[in-house]
1. Can you tell me which residues in the stretch B:35-64 are more than 21 Å from the chain's Cα centre (by Cα) and either outside any helix (DSSP H, G or I) or more than 14 Å from every other protein chain (Cβ to nearest Cβ) (or both)?
2. Quick one: would you say A:ARG156 is more than 22 Å from A:LEU82 (Cα to Cα), within 11 Å of another protein chain (Cβ to nearest Cβ) and of a type in the set (Lys, Arg)?
3. Quick check on the stretch B:74-82. Is at least one of its residues assigned to a helix (DSSP H, G or I) and within 14 Å of chain A (Cβ to nearest Cβ)?
4. Select from the stretch B:65-118 the residues that are closer than 24 Å to B:SER209 by Cβ, open to solvent by less than 40 Å² (accessible area, probe 1.4 Å) and of a type in the set (S, T, N, Q) and list them in ascending order.
5. In the list A:VAL174, A:VAL170, A:VAL74, which residue meets the criterion of being in contact with a Ser or Thr (Cβ under 8 Å, 6 or more places away or on another chain) and away from chain B (no Cβ under 14 Å)?
6. Can you pull out the residues in the stretch A:99-111 that are away from chain B (no Cβ under 12 Å) and open to solvent by less than 10 Å² (accessible area, probe 1.4 Å)?
7. Do the conditions hold for B:VAL181, that is, is it more than 24 Å from A:VAL212 (Cβ to Cβ), open to solvent by less than 10 Å² (accessible area, probe 1.4 Å) and more than 11 Å from every other protein chain (Cβ to nearest Cβ)?
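The values are calculated or read from the model by the stated rules, or taken from the named source; none is laboratory data. Predicted model only: the values in this text are computed from it and were never measured. Don't worry about glycine lacking a Cβ; one is built from the backbone with ideal geometry, like all the others, and counts go over all protein chains shown. Surface areas here come from the heavy atoms of the whole protein model, side chains and all, with no ligands, DNA or RNA. Shrake-Rupley method; radii C 1.70, N 1.55, O 1.52, S 1.80 Å.
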Amino acid sequence: METEKNQSGTEKAHGIESRSPLAANAAGPPQIDAGVMADAVEPAKSDRRSIEIMRLENIKLFRGDRLALDDVSVGIRKGEILAITGEERSGKSDFINIAAGLLEPSSGTVTFEDRDLYNCPYSVGQSMRTQIGFVPQEPTLITNQNIYMNIALPLRYHSRESEEHIDEKVMELVCMFGLENYLFSMPGETPIDVRSKACIARALSMDPAMLVIDEPFKSLSENQVDFVCDVIRRLQEKTGLSVLYAALSDRRHINFAHRIGTLRYGRLGKPGHTNMSRAKPAGAEDAAIHPHHSGVKLKVITSDEEEGEAGNEKKSEGVS
Amino acid sequence: MAEATTETLKPGLSIFAQLARFWGWVGGLGKKLISFLMLTVRVMEFVYISLRSPLSERTKGKKLVLKIIQHQVLFTAVHAFSLIGIMGLMFGSIIVVGTLQVLEQYIAFDKLATLIRYVTMRELGPLVVSLIVVARSGTAVVTELGTMRANRETNVLEAMAINLNYFVVFPRLIGMMISMVCLVAYFEFIAMTGGFAIAKFIGVGEAFSVFDIITSVSVADITVSFFKSAVAGVIISGVCCYFGINAPPDFRFVPIQATIGVVNALLLVVLANLSITGLQILVFGIPKII
């Protein structure tokens, strides 16, 4: 049985390798799981470099004696929205913190634009971090600064632009997220959804190449979620922003992503592609998607199906 | 026989037990001393890294950092002016009135100026102001940074590639240092002039003028006072920032860290004061008062 599985995996691998690089992109960075769900082969390193903005390779994280993340490997492509879902304490936040450069893994490497995020000179690491916008799970703003100052903080710290330019940029973000009425309110005086949106605006203020969000919509109402998803999607389409976010398995907004991977007991299942336009077929096989997702209108395209859809280059680019 | 043996053994056992307790106590003290020394080294390293951080960050966020320095000076020095003034007046009157009454008995008024400026400027001024600043601003700094840590604001700053040593610690070190120097100078001035005013008011040492003391202030007095206050400022802010920024990310630990931070800052400030006094005696010699 095991041998059969391996054989089919190898066949799939050959299938991927024989396709054009663009089609190979569609198959995704397949070697996702070190455990039961690993059934594909990674593309050549040179191909990966051109298509992936960030790669987490063989990440292990120990929390005391407990293995919080177990040999997780995944690549985030340029201009892609990748969701990592899972139950509570499945390791999502650890994964997100590692990707954001906040938590050094016990072993494994995190590369951002082909440079190691954790083993690099200080200045290089800092410049990489400015390219990764991070939104924490709780809408955390600097408490002694108002909403405007919070959004302007990274710009004022890093850029040498004039105050007028910074103001222009901040106002653009403020209008984008509808925060005009709370501009000079202190974080303690503002509703939680305003703080959430301000956090996302602040993360976007440096025009990052990638946005890493931990449970972004936890504190937002359904309407607000749709609004923020729309803003991010528009930005992603306009600027080619890559987005990595963690969400609980039962959240409606996971269909906002191009691909979804599920973390279970610190292991990451193979991320599957989503197709938001079609409902999930009744018998669709989905190793990566958690059973709780069954209610979500979502289709996961497996590697076999992708071969049939190889012509759809737009999708294979991960830009919908 | 058995009773006799027990009686003879009892004192012996008791001595051993007492010795064991004594060694245990000495061991415990040694352990605490070692951990305190280790803490001192860690704080020194932390301060060194923070003071060096502008070199690695170059001119990043210069305006933001200057603004935080301003805020720190405003909170530590300007807002504390009335408190320090009252304290200076009280301490000054105690010293001046007390000294005048004692010296009047020995008709040694010519030593008055030296004694008062030595006690006020070199010893009491920096120490008293340090204690006030630790109690007032030290607790505020640990609590503020501990809350930032518990609130995960420090994580967010790190994620924005903002250097915590440069953005959070460095301005507080500089702000506290500037504040301490200003407050000590202010305290000393109020203590000497106000003390004399009180003495005149109650009719003690009428033959003396405050200008006798002010004109007798030497460069050594100013140097020692300045050095002691600057060092105290760095120690207070360094220790308090260290305990604040290294607080566990949990609100329950904020008051605990504040207590530990303030106690350690007090200990280190007094130790530093003692060390500088020793150094000053080595450099300038023992002041000849009488």
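1. Passing the criteria: B:ARG58, B:THR59, B:LYS60, B:GLY61.
2. Values: more than 22 Å from A:LEU82 (Cα to Cα): yes; within 11 Å of another protein chain (Cβ to nearest Cβ): yes; of a type in the set (Lys, Arg): yes.
Taking the combined requirement at face value, the residue satisfies it.
3. Within the stretch B:74-82, one or more residues are assigned to a helix (DSSP H, G or I) and within 14 Å of chain A (Cβ to nearest Cβ).
4. B:SER93, B:THR99, B:THR114
5. Values: A:VAL174 fails: in contact with a Ser or Thr (Cβ under 8 Å, 6 or more places away or on another chain); A:VAL74 fails: in contact with a Ser or Thr (Cβ under 8 Å, 6 or more places away or on another chain).
Residue meeting the stated conditions: A:VAL170.
6. A:VAL110
7. Against the criterion (more than 24 Å from A:VAL212 (Cβ to Cβ), open to solvent by less than 10 Å² (accessible area, probe 1.4 Å) and more than 11 Å from every other protein chain (Cβ to nearest Cβ)), B:VAL181 does not qualify.
Yes/no per residue for (1) modelled with pLDDT under 90; (2) away from every other protein chain (no Cβ under 14 Å); (3) crowded, with 18+ Cβ neighbours inside 10 Å; (4) in contact with a Pro (Cβ under 6 Å, 6 or more places away or on another chain):
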site: B:PHE167; (1), (2), (3), (4): no, no, yes, no
site: B:ALA185; (1), (2), (3), (4): no, yes, no, no
site: B:PHE211; (1), (2), (3), (4): yes, yes, no, no
site: B:SER218; (1), (2), (3), (4): yes, yes, no, no
